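Okay, structure first, notes after.
We did not get these values from a lab; they are worked out from the coordinates using the rules stated. Note that the structure is predicted; figures quoted are calculated from it, not measured. Methodologically, a virtual Cβ is constructed for each residue, glycine included, from the backbone with ideal geometry; neighbour enumeration extends over all protein chains shown.
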Amino acid sequence: MTLAPASPPVARLQGVTLRYKKNTALNDVTLDIPAGCMVGLIGPDGVGKSSLLALVAGARAVQLGRVEVLGGDMARRLHRQAVCPNIAFMPQGLGKNLYPTLSVEENLQFFARLFGHDVSERRRRIDGLTRSTGLHPFLARPVGKLSGGMKQKLGLCCALIHDPDLLILDEPTTGVDPLARAQFWELITRIRGQHPGMSVVVATAYMEEAQRFDWLVAMDDGRVLDTGTPTELLARTGHSTLESAFIAMLPEEKRRGHQRVEIVPLTLDDQAEVAIEARDLTMRFGDFVAVDHVSFRIQRGEIFGFIGSNGCGKSTTMKMLTGLLPASEGQAWLFGKLVDSRDMATRSRVGYMSQSFSLYGELTVQQNLALHARLFHVPDADLLSRVAESLARFGLREVQDALPEQLPLGMRQRLSLAVATVHKPELLILDEPTSGVDPIARDNFWRLMIELARRDKVTIFISTHFMNEAERCDRISLMHAGQVLESASPAQIMAKRGAATLEDAFIGYLKDADGDAVDDTTGAPLSTETPAVVPAPDPVGAALGQTPAKGLAARLRRSLARIYSYQWRESLELQRDPVRGALALLGSLLLMFVMGYGISMDVGNLRFAVLDRDQTTLSRDYTLNLAGSRYFVERPPITDYAELDRRMRSGELSLALEIPPGFARDVARGQSVQIGAWIDGAMPQRAETVIGYAQGMHQQWYAQQVRDQTGITPSSLISVETRYRYNPDVRSLPAMVPAVIPLLLLMLPAMLTALAVVREKELGSIINLYVTPVTRTEFLIGKQLPYLMLAMFNYGLMCLAAVTVFGVPMTGSFATLTLAALIFSVCSTGMGLLASTVTRSQIAAMFFAMVGTMLPAVQFAGLINPVSSLEGSGRWIGEIYPASHMLTISRGVFSKALGFADLQASFWPMLVAVPVIMGLAIVLLKKQEA
């Protein structure tokens with residue numbers, strides 16, 4: 001393609017610098033990205049490709065410099081809002097912008113609604129895009145059950161649902177098989193043919209893939225190394241491949257000492273010792289077959305490659321071979337012995353390097369090596385020399401005191417390999433060890449592996465999805481959908497298929513496995529028709545993918561449509577999450593029973609015993625007076641002080657009485673008598689009640705004795721008769737149940753809503769907020785509505801249980817209580833949203849929501865002690881906290897027969913709290929990543 005240099009660039013970066021804490025992602029980048037062509041950003045992980053694309057898409061805030069996209073400054077919020085409908089961003093990671101519990105159809109419907117398409121337009125676009133990608137037969141399939149290639153195609157469909165002018169793809173084919181990769185780029189080519197003016201910017205780690213792009217940007221360490229067409233870059237560097245050309249573009253200090261990897265051929269002998277043998281190895285997870293009857297043999301000293309896409313079963317097979325996973329079926333042998341997780345002697349002969357970095361970040365390089373040497377029982381006498389040998393062999397001596405997180409990616413991979421070999425294993429299992437590292441680091445890594453295999457006769461079993469790495473293996477197995485398609489040397493596989501490259505051979509095997517011209521792992525016929533899409537809109541004027549209606553009413557309709565889209569999607573996810581669904585529907589009732597019956601202020605059935613040193617009729621009469629009360633239960637008598645102490649310590653007795661010798665004689669003579677009362681004071685409030693009960697019973701007994709002896713009833717000048725209103729029996733249940741309802745309306749909706757935003761942060765789908773027209777307010781209200789409806793449903797259940805199960809009558813206005821519950825539920829779900837916006841993990845959000853709601857509610861809202869009795873800051877918190885006023889309304893309606901006119905003063909603080917809480921949540925939620 002010939003670029004038109006006179007046309008304005010689709011994006012322009014001038015002096016752009018981006019930092020993540022101490023790390024610099026982009027360092028003074030100045031770049032013009034040409035319009036109307038396919039631009040590729042090439043380089044390993046961590047060089048700044050994703051950061052640059054996020055800035056161009058508007059997903060990340062500009063820190064330093066200027067970023068212009070589609071003719072305007074991306075630092076200006078109004079420009080981002082205007083061009084957002086004309087930019088599509090597909091983030092890095094398989095289906096990262098998708099929702100796994102939603103089906104293909106539901107994901108597409110969600111994105112189409114966000115961009116304002118009506119019913120008929122949504123149907124037309126969804127059918128056209130899914131037919132062109134081969135996804136139409138799978139509209140009802142959940143995204144979580146799609147293959148990697150299908151997820152990438154669906155992600156592309158979601159990005160293209162609104163006809164963007166600029167399509168940004170961040171490593172869209174990483175981890176998918178070669179056939180799915182080829183089909184993906186064929187689809188992009190067809191779409192570009194339909195939209196000649198569309199600009200496509202792609203980041204990729206595959207150099208052979210970059211060869212098809214119109215214009216390339218080579219990046220390293222946050223800087224641009226060079227730009228130009230693939231032909232121009234090859235000509236400037238004098239190399240025949242982009243990978244070698246990229247190495248030539250790197251700074252001299254990185255290229256110094258680099259040599260091409262030379263592999264000494266290995267002579268395979270059928271009589272050689274077998275290091276690994278698998279026979280019909282199978283692994284099932286429920287109904288899903290991850291590995292399906294896999295068989296192979298690997299000889300000692302061989303470099304054996306496992307080639308396939310993410311999710312094809314490579315890692316699962318490796319875990320079965322190391323004993324980390326028990327096989328569902330089949331057998332595997334290591335060095336002639338059956339794999340057994342309990343056989344530590346055989347496992348100590350194996351070194352394993354997992355796909356993700358799994359060493360201890362708080363330990364230095366040297367400490368990690370020493371720890372793993374001890375774990376594999378390296379003798380103490382050899383420990384220091386073994387660690388020093390590993391540091392020298394893997395080039396880690398200069399960084400031996402550094403923490404792993406301070407090391408570049410390539411050096412971290414060398415550290416992982418050093419740790420895996422510190423105990424000198426005979427078999428090394430490496431799970432995608434070079435993923436994301438630069439070509440020089442990858443070559444250095446391979447030189448170390450070749451030295452281990454050829455010099456030390458270490459058998460190496462390595463998985464990868466880089467074809468140029470697979471060609472370096474002695475033999476490879478091509479794996480797909482849990483099955484091995486072929487096992488042979490790379491040259492034999494290419495010769496057998498008559499293919500020019502190993503990738504072409506692999507694609508041929510994939511087509512044979514799935515049927516010619518099918519969609520990756522699904523068996524769906526691959527459509528060759530051109531996507532049915534409408535002409536591209538004007539660059540900025542067609543917000544929402546179509547000519548927008550003018551005026552406030554039209555903007556309000558689009559806003560409500562976006563709110564409904566998020567509310568609809570959140571409701572679907574909630575329905576399909578059994579844990580959250582059960583907690584939302586049944587959690588409030590369960591906790592209401594626990595708290596209603598469990599939190600009781602009633603003090604009854606108090607166990608007491610008597611140490612009676614008088615043993616007279618009168619002393620027994622005194623004891624019977626206490627035992628006859630409904631508050632006390634008599635236990636066997638106490639014999640001495642030691643027994644009294646033992647029974648009080650054990651908690652058997654709440655009250656112990658000591659009647660002194662001569663009790664009856666002294667009472668008859670009218671002398672003063674002292675009775676000892678020992679009370680369990682572990683719970684002060686309960687102890688105070690016990691004292692009151694005991695004194696009351698004592699006064700009653702004393703009055704009876706005076707009356708029996710003198711015939712005179714003792715009386716005072718003033719008699720106080722106590723009458724309790726609203727709860728005449730002074731029982732805890734009628735007091736606690738009206739208080740528990742507001743407490744649960746606060747806690748559970750807040751906890752459930754707290755997961756709403758932070759789950760999207762963890763899954764990565766928060767990117768849809770950053771790059772779609774939805775506003776922060778629309779996003780939060782849409783997330784809040786399902787939980788608000790659930791809160792009101794639970795409120796109805798709790799009111800019903802209060803009246804029917806607990807027997808607490810509602811004497812006041814149900815409508816007043818319902819209105820208060822609605823306002824209060826908005827507050828509680830708003831608190832959950834607030835917790836979710838300021839945290840980055842679900843655990844932190846749950847903790848924040850729990851502490852932020854329950855602690856003030858219990859301490860300051862009047863649950864136990866009236867707000868009016870509090871002082872200082874506690875009183876101030878109690879006055880402004882919404883739960884205080886909801887408790888007043890709930891108790892007033894249930895117990896005091898109050899209505900709105902009586903309780904309206906308690907409504908105003910809650911109404912004021914709604915915009916305050918929601919406003920804070922909206923302000924603290926970022927529309928761009930900082």
note = Quick calc: nm separation of the 7 Å Cα→Cβ label points for Q705 and R607 -> 2.9 nm
Separation between Cα centres of region 1-70 and region 443-473, rounded to whole Å = 35 Å
request  = Compute the distance in nm between two label points, each set 7 Å from the Cα along the Cα-to-Cβ direction, one at M789 and one at R131.
outcome  = 3.3 nm
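Just to be sure I understand the rule: take each whole DSSP H helix in the chain, project its Cα atoms onto its long axis, keep it if the span is 30 Å or more and its mean Kyte-Doolittle hydropathy is at least -0.5. Which ones pass? Mind dumping the intermediate values first?
On the way: long enough: 552-575 (34 Å, -0.56); 684-710 (39 Å, -1.14); 732-763 (45 Å, 1.47); 776-804 (42 Å, 0.88); 814-837 (34 Å, 1.62); 900-924 (37 Å, 1.81).
Helices meeting the criterion: 732-763, 776-804, 814-837, 900-924.
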key: Peptides 754-765, 389-400 ordered by average Cβ neighbours within 10 Å, highest first   = 754-765, 389-400
note = Counting only backbone N atoms under 15 Å from a point 7 Å out along Cα-to-Cβ of D456, the residues of region 420-434 in range are 420-430
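So if R0 is 51 Å, what FRET efficiency would T818 and T713 give, r being the distance between their Cβ atoms, rounded to the nearest 0.05?
0.45
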request  = Determine which aspartates and glutamates satisfy two conditions relative to K22: a Cα distance under 16 Å, and not lying fewer than 8 residues away in the same chain.
outcome  = D221, E405
Antiparallel bridge percentage (DSSP; both residues within the chain; nearest 5) = 50 percent
key: Charge sum, other residues only, whose C-beta stays under 12 Å from R19's C-beta, Lys/Arg counted +1 and Asp/Glu -1   = +2
request  = With a point put 7 Å past each Cα toward its Cβ, work out how far L384 is from T616 in nm, to one decimal.
outcome  = 8.7 nm
request  = Specify the inter-centroid distance of region 237-293 and region 793-862, based on alpha-carbon positions, in whole Å.
outcome  = 57 Å
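Mind checking the full-extension length gain between A677 and Q492? Use 0.36 nm per residue of separation minus the Cα-Cα distance, one decimal, nm. Can you show the working numbers first?
Numbers: separation 185, 0.36 × 185 = 66.60 nm, distance 9.61 nm.
Taking A677 through Q492 to full extension adds about 57.0 nm, to one decimal.
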query = When we measure straight from the Cα of K783, which lysines land under 20 angstrom away, once same-chain ones fewer than 8 places off are left out?
reply = K96, K761, K926, K927
ask   = Projected onto the charge dipole of region 11-256 (+1 at Lys/Arg Cβ, -1 at Asp/Glu Cβ, origin at the Cα centre), which of P172, V16, I126 gives the Cα projection farthest towards the positive end?
value = I126
task = Count the DSSP beta bridges whose two residues both fall in region 274-486, then state the antiparallel fraction as a percent rounded to the nearest 5.
result = 50 percent
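How much length is gained if the chain between L589 and D504 is pulled fully straight, taking 0.36 nm per residue apart and subtracting their Cα-Cα distance, in nm to one decimal? Kindly include the intermediate steps, with their values, before the conclusion.
Numbers: separation 85, 0.36 × 85 = 30.60 nm, distance 6.07 nm.
Working it through step by step, the gained length comes to 24.5 nm.
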task = Add +1 for every Lys or Arg and -1 for every Asp or Glu among the other residues with Cβ under 11 Å from the Cβ of V737, and state the total.
result = +2
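Let a ≥ b ≥ c be the square roots of the eigenvalues of the Cα gyration tensor of region 804-874; is it rounded (a/c under 1.5), or, if not, prolate (a/b larger than b/c) or oblate?
Values: a/c = 2.23, a/b = 1.41, b/c = 1.58.
Cα axes put region 804-874 in the oblate bin.
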key: Options (1) 69; (2) 30; (3) 42 - which one matches percent of Cα pairs over 49 Å apart as calculated here   = (3)
query = Relative to the Cα centre, what is the charge dipole magnitude of region 208-258, using +1 at the beta carbon of each Lys and Arg, -1 at the beta carbon of each Asp and Glu, and rounding to the nearest 20 debye?
reply = 160 debye
query = Mean residue ellipticity at 222 nm from the helices of the chain, using -39,500 (n - 2.57) per DSSP H segment of n ≥ 4 over the full residue count, to the nearest 500 deg cm²/dmol?
reply = -15000 deg cm²/dmol
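Based on the mean of other beta carbon atoms within 10 Å per residue, what is the order of 182-190, 704-712, most packed first? Write out the running numbers ahead of the final one.
Numbers: 182-190: 17.8, 704-712: 10.8.
Those peptides, ordered most packed to least, come out 182-190, 704-712.
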request  = Assign unit charges at the C-beta atoms only (+1 for Lys and Arg, -1 for Asp and Glu), then state the dipole size of the chain relative to its Cα centre in Debye, rounded to the nearest 20.
outcome  = 1920 debye
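Excluding L233 itself, what net charge comes from residues whose Cβ is under 13 Å from its Cβ, given Lys and Arg +1 and Asp and Glu -1? It would help to have the intermediate numbers written out before the result.
On the way: positive: R236; negative: D214, D226, E232, E243.
Around L233, the surrounding residues sum to -3.
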Calculated FRET value between I691 and V912, using beta carbons and R₀ = 56 Å, to 0.05 = 0.80
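Quick check for me: using +1 on Lys/Arg Cβ and -1 on Asp/Glu Cβ, what's the dipole size of region 274-486 about its Cα centre, in debye to the nearest 20? Walk me through the intermediate numbers first.
Values: 24 positive and 26 negative charges, 93 e Å.
For this selection, approximately 440 debye.
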task = Eight or more residues apart or on different chains, and alpha-carbon atoms under 21 Å: count the Lys pairs in region 274-486 matching that.
result = 5
request  = Could you please state, rounded to a whole Å, how far the C-alpha centre of region 162-223 is from the C-alpha centre of region 363-442?
outcome  = 36 Å
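Taking R0 as 56 Å, what FRET efficiency do you get between L800 and R284 from their Cβ-Cβ distance, rounded to the nearest 0.05?
Numbers: r = 45 Å, r/R0 = 0.80.
It comes to 0.80.
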ask   = Full extension from E398 to D640: what is 0.36 nm times the residue separation minus their Cα-Cα distance, to one decimal in nm?
value = 79.5 nm
note = Taking a ≥ b ≥ c as the square roots of the eigenvalues of the Cα gyration tensor, with a/c under 1.5 meaning rounded and otherwise prolate when a/b exceeds b/c and oblate if not, region 324-380 is oblate
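Taking a ≥ b ≥ c as the square roots of the eigenvalues of the Cα gyration tensor of region 622-670, is the shape rounded (a/c under 1.5), prolate (a/b larger than b/c) or oblate?
Working: a/c = 3.34, a/b = 1.43, b/c = 2.33.
It is oblate, given that a/c is not under 1.5 and a/b is not larger than b/c.
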